1. Sort Arg8, Arg165 by heavy-atom solvent-accessible area, probe 1.4 angstrom, most to least.
2. Around Asp151, what is the net charge, scoring Lys/Arg as +1 and Asp/Glu as -1 over all other residues with Cβ under 10 Å from its Cβ?
3. Under the rule a/c < 1.5 gives rounded, and otherwise a/b versus b/c splits prolate from oblate, where does the stretch 151-305 land using the Cα gyration tensor?
4. Apply the a/c threshold of 1.5 to the C-alpha gyration tensor of the stretch 228-285 and tell me whether it is rounded, prolate or oblate.
5. Out of residues 5 or more away from Asn196 or on other chains, whose amide H comes under 5 Å of its own, with H placed 1.01 Å from N in the peptide plane?
6. Does the stretch 122-223 come out rounded, prolate or oblate, given a ≥ b ≥ c as the square roots of the eigenvalues of its C-alpha gyration tensor, rounded meaning a/c under 1.5 and, failing that, prolate meaning a/b above b/c?
7. Modelling each spin label as a point 7 Å along the Cα-to-Cβ direction, I'd like the Ala121/Thr139 distance in nm, to one decimal.
8. Could you state the number of Å between the C-alpha centres of the stretch 106-166 and the stretch 185-258?
Amino acid sequence: MSGAAQRRAHLQAMGIQAWVRRDGGSPLAAGEAAQDAAPPVAGGEVLEAGEAVVARVAKPQATAAHETAAPEAHVDEQPLPAEPPVPDVRSEPSASPREEMPVASVDTPPGIDVDALDWDALQATVARCAACELHATRTQTVFGTGNRNADWMIVGEAPGVDEDRQGEPFVGRAGQLLNNMLRAIGLQREQVYIANVIKCRPPNNRNPHVDEISQCLGYLQRQIALVKPRLILVVGRVAAHGLLKVDTPLGELRGQVYRFCDTPVVVTYHPAYLLRTPRDKAKSWDDLRFAQRVAEGRDGGGGQT
Ligand code: URA
């Protein structure tokens with residue numbers, strides 16, 4: 001298969017319609033603009049597909065606050081409508097509380113210098129962690145998986161029912177979509193390192209509490225220090241808020257480069273949210289390409305710390 005055909009296949013695997021350039025160039029993902037037949041945007045690429053004109057800008061635009069991701073925790077475990085009547089998130093109130101979030105300080109189990117642990121000791125410490133109440137309801141901890149020397153680290157929220165059962169992050173439906181998203185930018189799951197901000201499943205897939213995140217974050221911080229990735233891709237609002245200690249709606253976090261322990265961080269939608277809101281897959285494709293440029297040092301993204 002040619003490179004372009006392969007890319008088209010991966011975009012389709014992500015559920016994104018690929019538009020073929022008349023000049024034979026690379027296919028691009030068609031977003032909402034396709035349906036809206038949006039007019040050409042200054043500075044953007046303009047493609048034609050059938051009768052629709054697709055206008056795209058080169059860099060993902062931070063979306064408006066009202067495009068905040070809806071609550072997304074572990075949607076892969078919740079029954080999805082057969083053909084989802086796509087919720088109009090634009091008309092929903094922000095899922096993110098606007099008031100200041102209490103800042104989660106790193107507060108790992110007393111008596112353990114997590115920063116001194118190697119991989120085996122870290123994993124063993126996580127496996128017997130009882131620092132918060134989540135230990136009482138977990139089947140097992142979900143430490144992380146993948147290449148411990150990866151350039152890319154993917155950070156999600158918390159294990160769901162499948163992950164709790166299997167002991168590996170992102171193995172449910174959201175995980176399948178995450179794999180497709182990675183493949184779309186030429187990465188195999190095994191090439192990246194995948195972990196969550198929380199290592200134990202919150203009961204009934206509720207959002208993790210601030211104190212639970214603060215008690216777990218030291219483990220992730222140590223994982224990041226050991227992997228030393230070139231880029232951290234954070235998926236979803238809860239993970240982004242937990243890691244970056246901000247309260248900014250997800251739509252505003254997109255298209256920016258943040259830093260966590262000196263490592264560039266790019267934020268995109270959680271795959272479980274994308275399963276519910278497929279029309280935002282094109283935006284996540286923009287985010288992935290932006291992350292790719294950041295990882296390759298081709299885009300500083302206007303940097304925030
Ligand atoms: N959602 C997450 O954020 N992490 C997982 O591991 C699975 C689903």
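The values are calculated or read from the model by the stated rules, or taken from the named source; none is laboratory data. Remember, it's a predicted structure, so these values are computed and weren't measured experimentally. Using ideal geometry, Cβ is built from the backbone for each residue, glycine included, and neighbour counts are taken over all protein chains shown. Calculation scope for accessible area: heavy atoms of the full protein, side chains included, ligands and nucleic acids excluded. Shrake-Rupley method; radii C 1.70, N 1.55, O 1.52, S 1.80 Å.
1. Details: Arg8 75, Arg165 155 Å².
Descending accessible area places them as Arg165, Arg8.
2. Values: positive: Lys228, Arg230; negative: Glu296.
Neighbour charge sum, excluding Asp151 itself: +1.
3. Numbers: a/c = 1.38, a/b = 1.18, b/c = 1.17.
Here the stretch 151-305 falls in the rounded category.
4. On the way: a/c = 2.11, a/b = 1.66, b/c = 1.27.
It is prolate, given that a/c is not under 1.5 and a/b is the larger ratio.
5. Answer set, sorted by chain and number: Gly156.
6. Numbers: a/c = 2.05, a/b = 1.53, b/c = 1.34.
The shape class here is prolate.
7. The two pseudo-label positions are separated by 3.1 nm.
8. 12 Å
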